[in-house]
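What follows is a single structure, written as structure tokens, with notes after it.
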Amino acid sequence: MNIKKALLINPPSGLYIREDRCQLPVKGLSPTVVRPPMDLAYIASGLKEAGIECKIKDYPAERENWQRFRRDIEKFRPDMLVISVTTPTLKVDMKACDIAKRINPQILVAAKGAHFIVNSAKILEEFSELDIVVRREPERVIPEIAAEKNLKNILGITYRDNDKIITNPDRPYTQDLNVIPFPDRDLLRNELYIRPDTGEMQATIQTSAGCPVGCIFCLAQPVSGNKIRSRDPKNIVDEIEECVNKYKIRNFFFRADTFTWNKNWVIRICEEILKRKLNIEWVANSRADTLDEELLLYMKRSGCWLVSLGIESGNQDILDKINKGITLEQCRKAVRLCKSSKIKTFLFFIIGFPWDDDKTIEQTINFAKELNGDYYEVHTAVPFPGTELYEIAKENNLLMDSDIIRHDHFKAGMNTFSLSYKEINKFRKHFLLKIYLRPEYIIKTLLQSKSAKAAFKHFCYGVKRLPDLLFH
């Protein structure tokens, strides 16, 4: 192989969040948010260090189609194509392989995504134009693919060698995340990725990886392992400062499997932000059992305005069965603490676990109303390959079919022991209507908006969503 140019893409197969652990359609999110393809930006940094010319194209975010992709291949003439794949869009994503190979039969086509952790050989068997799949850590592996002449030396890939499909051993996780170069934001159209309530540019900062909890539905451990690997606070804030000074970005999403797991580490990040007087605003995900008044005080002072909490269910027995490791009372306390700290909450719920029935779902709806968060998202449980939930669903014949592809967090792909997938989908819409059509919620959201512009955005989004919830 002689790789001189590489094209890295989110294919034009639908607007999805493609973060491996988090893969869901943007349409239907509350609120709508388009995240930048940071995995591709990290890969590009590694490739450019090796002297390879790179381009990143996020076709869905740029509202471009397959015809544009074809023209880009013809004009740029890359030696390597890297495709970011989600489980629900996999079969459509693979169209990129066929188009690229028809234009240039010698092009090396690689794909990355959580789906390949357990199904890599099967995917290569099914899609003959795909050359290599990366099972984990593509930001390190793909630059090695471009530089290494012998693929058998690269850990963590499955590849085609003439008529054989070869699965190399897994790659150990990178323990020191500080050695990974910053993502190449020069290759991104940063203006496409905005904070939903204000329309200002928002950057994603990968702060850590890995989760020790092991919820049965979550891809965090299959993707990133069961040990938290954190960047040094100074290294993180160096990247934030680069975004502020070079790209004029002052809004951030701190991406982590659980950002607030280590209190002292978070405080050190906050102190570094304050020390440099960066004057930023940021959001992060959290767990209900990791927050206290002191931590939230530091977070608020350094610019945190919203925390996402995975509540999941309002039934304690369901929480225990999914190995969430939290209690309903801890959820109540976490939301109270955020409110007293004047930090908004984004509460996530999941319905359609095998043990869910109409009673447990109504309990979850009532619990969501009791918590009275600022934003809500309601997902249906998706048994992604590689999770314990997938094995439970398969063992109990709960899957709609053997192929989970085509289903996502807004379109149930499994039944429960007492509810059909169609009933679960109806419950999700019922849930959202119960939450968002409360007069007190509507008034609170409009009054607490950061500006008149933000209030108008909330109003327009609600009007846009309502027909879909009422009539479909």
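The table below lists the values:
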{"read-out": "The chain, relative contact order [Cα under 8 Å, separation at least 6], %", "value": "13 percent"}
{"read-out": "Separation in nanometres of the label points that stand 7 Å from Cα toward Cβ, at Glu271 and Trp355", "value": "4.2 nm"}
{"read-out": "Student exercise, the range 207-357 dipole from Lys, Arg, Asp, Glu Cβ charges, in Debye to nearest 20", "value": "660 debye"}
{"read-out": "Share, in percent, of DSSP beta bridges within the chain that are antiparallel, nearest 5", "value": "25 percent"}
{"read-out": "Leading residue at positive end of dipole, the chain (Cβ point charges), from Thr158, Pro88, Leu433", "value": "Leu433"}
{"read-out": "Net lengthening on full extension, Ala50/Met400 (0.36 nm per residue, minus Cα-Cα)", "value": "121.5 nm"}
{"read-out": "Label-point separation in nm, Arg71 to Glu362, each point 7 Å along Cα→Cβ", "value": "5.6 nm"}
{"read-out": "Over the range 42-137, relative contact order from alpha-carbon pairs under 8 Å, at least 6 apart, %", "value": "23 percent"}
{"read-out": "Separation in nanometres of the label points that stand 7 Å from Cα toward Cβ, at Lys342 and Asp317", "value": "4.3 nm"}
{"read-out": "Charged-residue dipole, Cβ positions (Lys, Arg, Asp, Glu), the range 83-222 about Cα centre, Debye nearest 20", "value": "280 debye"}
{"read-out": "Simple Cβ-charge dipole of the chain, Lys/Arg +1 and Asp/Glu -1, about Cα centre, in debye nearest 20", "value": "1400 debye"}
{"read-out": "14 Å beta-carbon shell around Val237, net charge (K/R +1, D/E -1)", "value": "0"}
{"read-out": "Where trypsin sites (Lys or Arg not before Pro) fall in DSSP loop in the range 192-253, at most 11 other Cβ within 10 Å", "value": "Lys248"}
{"read-out": "Packing-based order for 303-311, 97-105, using average beta carbon neighbours within 10 Å, highest first", "value": "303-311, 97-105"}
{"read-out": "0 to 90° range, to nearest 10: angle between helix 233-247 axis and the chain longest Cα axis", "value": "80 degrees"}
{"read-out": "Charge sum, other residues only, whose C-beta stays under 9 Å from Asp79's C-beta, Lys/Arg counted +1 and Asp/Glu -1", "value": "+3"}
{"read-out": "Subset of Lys339/Lys411; Lys91/Lys122; Lys91/Lys152; Lys5/Lys248; Lys277/Lys342 violating a 23 Å alpha-carbon distance limit", "value": "Lys339/Lys411; Lys91/Lys152; Lys5/Lys248"}
{"read-out": "Mean Cβ neighbour count within 10 Å, used as a protection proxy, ranking 377-388, 191-202 highest first", "value": "377-388, 191-202"}
{"read-out": "Degrees separating the helix 263-275 axis from the principal Cα axis of the chain, which is the longest one", "value": "80 degrees"}
{"read-out": "Spatial separation of Cα centroids for the range 325-373 and the range 119-143, in angstrom", "value": "38 Å"}
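Quick note: the coordinates plus some simple rules give every number you see, no bench work behind them. Bear in mind the structure is a predicted one, so any value in this text is a computation, not a measurement. For neighbour counting, all protein chains shown are included, and Cβ atoms are generated from backbone atoms with ideal geometry for every residue, glycine included.
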